[in-house]
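To start, the structure under review is shown below, and the notes come after it.
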Amino acid sequence: MSQCIFCKIARGESPADVLYRDEQLLVLKDINPQAPVHLLVIPVEHYPNLQQASANSALVSALIKKCTQLGSELGSQGYRIVVNTGPDGGQTVDHLHIHVLAGRPLQWPPG
Ligand code: AMP
Ligand code: ZN
């Protein structure tokens, strides 16, 4: 996906604060953080959303494993992982990404 911002970041064509990468996934800092810890875990390969990626169970498992690792390392009092999907889900970037939020008490329910 040539114009997808997260594909561009994965290819190194757009700047980002990338904390980790391997052949499957990247971890980057969210550009507009909503908590003291706000990271995005994204696959290198373009999937528009979690629905489209769900058949690739090895990938989904790797993404979730990275999220729980980050959450347990960085969220001493707990953490939240979020996957906004589609317009009603609040998804604004159509490349699968999992938010990892921590560092403050998070409210529920979301707006
Ligand atoms: P969502 O609303 O779930 O699709 O989340 C998209 C997230 O991507 C938002 O939290 C944005 O702040 C974040 N974002 C958008 N562009 C960038 C970027 N270039 N680098 C890092 N985070 C970004
Ligand atoms: Zn993409």
Does region 1-13 hold any residues that are farther than 24 Å from L74 by Cβ and either out of contact with any His (no Cβ under 9 Å at 6 or more places or on another chain) or free of Cβ contacts under 8 Å to residues at least 40 places away in the same chain (or both), and which are they?
-> S2, Q3, K8, R11, G12, E13
For region 20-34, name all the residues that are in a loop (DSSP other than H, G, I, E, B) and within 11 Å of ligand 1 (Cβ to nearest atom).
-> D30, I31, N32, P33, Q34
What residue, among those in region 57-88 that are over 20 Å from L19 (Cβ atoms) and of a type in the set (A, V, I, L, M, F, W, C), is most open to solvent (accessible area, probe 1.4 Å)?
-> A58
Report yes if some residue within region 8-19 is open to solvent by 70 Å² or more (accessible area, probe 1.4 Å), within 15 Å of the chain's Cα centre (by Cα) and more than 8 Å from ligand 1 (Cβ to nearest atom); otherwise report no.
-> yes
Just to be sure, is L39 assigned to a helix (DSSP H, G or I), closer than 23 Å to R21 by Cβ and at pLDDT 95 or above?
-> no
Within region 76-111, restricting to residues that are small (G, A, S) and over 15 Å from D30 (Cβ atoms), the one that is farthest from ligand 2 (Cβ to nearest atom) is S76
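The values are calculated or read from the model by the stated rules, or taken from the named source; none is laboratory data. Treat the numbers as computed from the prediction; the structure is a model and nothing was measured. Heads up, the Cβs are rebuilt from the backbone with ideal geometry, glycines too, and the neighbour counts pull from every protein chain shown. Calculation scope for accessible area: heavy atoms of the full protein, side chains included, ligands and nucleic acids excluded. Shrake-Rupley method; radii C 1.70, N 1.55, O 1.52, S 1.80 Å.
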